[in-house]
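The values are calculated or read from the model by the stated rules, or taken from the named source; none is laboratory data. Since this is a predicted model, take the numbers as computed values, not measurements. Quick reminder, even Gly has a Cβ in these numbers, built from the backbone with ideal geometry, and neighbours come from all protein chains shown. Only protein heavy atoms, including side chains, enter the accessible area calculation; ligands, DNA and RNA are left aside. Shrake-Rupley method; radii C 1.70, N 1.55, O 1.52, S 1.80 Å.
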Amino acid sequence: MDNFQKTIFVKAIGEALSARRVAMGLSQERVAEILGISREAVSRMETGVAVPSIVRIAELANIFECSIEELITKGSSRQLDQGRQLAMLFDGLSHEHRVVILQAIESLITGLSLNKLK
C-alpha cells in the first residue's frame, strides 16, 4: 500500500467513525469521555489526521454497536473488503431492489470493460 492509498484508507476510517458516532447520536465530547481521551483526539481520528490503533477501533466498534469490519472496510482497496462493503449496502433492501442494483453494477462493469478495450 503506497502513501496515497494509506491516506485514503485512514480518511475512510475517519468518515466511518464520524458517521457511526452521528448515527448513535453521540457527540465527540461524549465519545472522548467514554474513551478517556480528549475531544481533539476524537476529531483527529475522524478527520484522518490520527490513525486509531486496532484496540481503539475495537473500543469504538463497541461504543457504536457495530462490527470492527464496518469501520475499516469502506476504505480498503481489497476486492474482498469491497464486496463486503456492497453486502453491507444491500442490508435492508428488498430482493427486487438488490436485483436492480446488481443489474446496474453488471452494466457498469461491462461498459468499463468495453472502454478498456478501446
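Within the set Glu69, Glu59, the sole residue that is under 22 Å from Asp91 (Cβ atoms), assigned to a helix (DSSP H, G or I) and either touching a Leu at 6+ places or on another chain (Cβ under 7 Å) or acidic (Asp, Glu) (or both) turns out to be Glu69. If I filter segment 92-106 for residues that are closer than 27 Å to Phe4 by Cα, assigned to a helix (DSSP H, G or I) and either in contact (Cβ under 8 Å) with a residue 40 or more places away in the chain or open to solvent by 90 Å² or more (accessible area, probe 1.4 Å) (or both), do I get at least one hit? Within segment 92-106, none of the residues are closer than 27 Å to Phe4 by Cα, assigned to a helix (DSSP H, G or I) and either in contact (Cβ under 8 Å) with a residue 40 or more places away in the chain or open to solvent by 90 Å² or more (accessible area, probe 1.4 Å) (or both). Listed by first and then second residue, the pairs with beta-carbon distance under 9 Å, at least 6 apart or on different chains, first residue in segment 45-58 and among the basic types (Lys, Arg), second surrounded by 14 or more Cβ atoms within 10 Å (Cβ to Cβ) and in a helix (DSSP H, G or I), are Arg56/Leu35; Arg56/Met45. Among the conditions (1) of a type outside the set (A, V, I, L, M); (2) under 30 Å from Glu33 (Cα atoms); (3) open to solvent by less than 100 Å² (accessible area, probe 1.4 Å); (4) modelled with pLDDT of 90 or more, Glu70 misses just one, which is (4). Every listed requirement among (1) closer than 26 Å to Thr7 by Cβ; (2) open to solvent by less than 60 Å² (accessible area, probe 1.4 Å); (3) aliphatic (A, V, I, L, M) is met by Leu86 save one, (2). Only residues that are within 17 Å of Ile57 (Cβ to Cβ), part of a loop (DSSP other than H, G, I, E, B) and either open to solvent by 60 Å² or more (accessible area, probe 1.4 Å) or in contact with a Cys (Cβ under 6 Å, 6 or more places away or on another chain) (or both) were counted across segment 2-37, and they come to 2.
When segment 38-56 is filtered for residues that are in a loop (DSSP other than H, G, I, E, B) and of a type in the set (S, T, N, Q), the ones remaining, listed by number, are Ser38, Ser53.
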